[in-house]
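Visitor: Dumping the structure here so I can ask a few things about it.
The values are calculated or read from the model by the stated rules, or taken from the named source; none is laboratory data. Nothing here was measured: the structure is a model prediction, and the numbers come from that model. With ideal geometry, Cβ positions are generated from the backbone for all residues, glycine too; neighbour counts draw on all protein chains shown. The area values use the complete protein model at the heavy-atom level, side chains included, leaving out ligands, DNA and RNA. Shrake-Rupley method; radii C 1.70, N 1.55, O 1.52, S 1.80 Å.
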Amino acid sequence: MLRAFLDYHRATLAMKCEGLTDEELRRQSMPPSTLSLLGLVRHMAEVERAWFRRVFEDNEAPMVWSDKIDFQAAYDAGTSTREEAFAAWETEVEHSRRIERAAASLDLAGYQPRWGEEVSLRMVMVHVLLEYGRHNGHADFLREGVDGTVGA
């Protein structure tokens, strides 16, 4: 069930970006926010990496868009392209899926370096699911602001 809901939310984020140009994907919401659909895709690549790769494989793996743990850096999509952002995001999603599929159970423990404690795969999947849920709500508003498209 966790896998299905997580994949549903991943697909929803991709769907919210379908058919848009790079310029439309970079369109920001309203000042002072700089949030954009492309920024959300970049941010979720960081989230996938931080919660799967860094927890279960390499606690020192670098982030995608920052030298330090700075999730805000991913939101800066001013010069980003669909190709760049989606390539990174899709790579991290596949890496996350591989880790999840290889696990003997959802009780698999990994070390979350930012928290300094062990966490289970179950907790990681729930956390990432919540991240997608929140950010897909943002994506709903952003997409509607670009061309009026609504719904999942």
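Visitor: Take the residues in segment 77-87 that are touching a Lys or Arg at 6+ places or on another chain (Cβ under 7 Å) and surrounded by 13 or more Cβ atoms within 10 Å (Cβ to Cβ), then tell me which one is nearest to P32 (Cα to Cα).
Guide: Step by step, filter segment 77-87, then rank; the result is A77.
Visitor: Another question, if that's okay. Under 8 Å between Cβ atoms, which residue pairs at least 6 apart in sequence (or on different chains) link something in segment 55-76 that is farther than 14 Å from G39 by Cα with a partner that is open to solvent by 50 Å² or more (accessible area, probe 1.4 Å) and modelled with pLDDT of 85 or more?
Guide: Within 8 Å, the pairs are V55/Y111; F56/L108; N59/Y111; I69/R114.
Visitor: I'm trying to understand the selection: among the residues of segment 77-96, which are free of Cβ contacts under 8 Å to residues at least 60 places away in the same chain and within 17 Å of L121 (Cβ to Cβ)?
Guide: Once the filter is applied, which keeps residues that are free of Cβ contacts under 8 Å to residues at least 60 places away in the same chain and within 17 Å of L121 (Cβ to Cβ), segment 77-96 yields E92, E94, H95, S96.
Visitor: Further question on the same structure: Check T91 against each of (1) surrounded by 13 or more Cβ atoms within 10 Å (Cβ to Cβ); (2) farther than 25 Å from R3 by Cα and name the one condition it does not meet.
Guide: Evaluating T91 over (1) surrounded by 13 or more Cβ atoms within 10 Å (Cβ to Cβ); (2) farther than 25 Å from R3 by Cα leaves (2) as the failure.
Yes/no per residue for (1) within 13 Å of H43 (Cα to Cα); (2) under 14 Å from the mean Cα position of the chain (by Cα); (3) not polar (S, T, N, Q):
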| residue | (1), (2), (3) |
| --- | --- |
| A85 | yes, yes, yes |
| T91 | no, yes, no |
| E94 | no, yes, yes |
| R97 | no, yes, yes |
| E100 | no, no, yes |
| D107 | no, no, yes |
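Visitor: For segment 36-61, enumerate the residues that are outside any helix (DSSP H, G or I) and either over 14 Å from the mean Cα position of the chain (by Cα) or among the acidic types (D, E) (or both).
Guide: E57, D58, N59, E60, A61
Visitor: Limited to segment 26-49, what total is found for residues that are open to solvent by less than 70 Å² (accessible area, probe 1.4 Å), touching a residue at least 60 places away in the same chain (Cβ under 8 Å) and either over 30 Å from L108 (Cα atoms) or out of contact with any helix residue (DSSP H, G or I) (no Cβ under 8 Å at 6 or more places or on another chain) (or both)?
Guide: So the count comes out to 4.
Visitor: Among the residues of segment 96-152 satisfying the criterion of being surrounded by fewer than 17 Cβ atoms within 10 Å (Cβ to Cβ) and aromatic (F, W, Y), which is modelled with the lowest pLDDT?
Guide: W115
Visitor: In segment 56-72, is there at least one residue being among the acidic types (D, E), closer than 17 Å to M125 by Cβ and open to solvent by less than 60 Å² (accessible area, probe 1.4 Å)?
Guide: Scanning segment 56-72 turns up no residue that is among the acidic types (D, E), closer than 17 Å to M125 by Cβ and open to solvent by less than 60 Å² (accessible area, probe 1.4 Å).
Visitor: May I ask you to list pairs of residues, at least six apart or on different chains, whose Cβ atoms are under 8 Å apart, with the first in segment 105-129 being without any contact (Cβ under 8 Å) to a residue 24 or more places away in the chain and of a type outside the set (A, V, I, L, M, F, W, C) and the second being open to solvent by less than 70 Å² (accessible area, probe 1.4 Å) and in a loop (DSSP other than H, G, I, E, B)?
Guide: These pairs meet every condition: S120/L106; S120/L108.
Visitor: Right, next: Which members of segment 55-102 meet the condition of being in contact with a helix residue (DSSP H, G or I) (Cβ under 7 Å, 6 or more places away or on another chain), over 20 Å from Q28 (Cβ atoms) and of a type in the set (S, T, Y)?
Guide: S96
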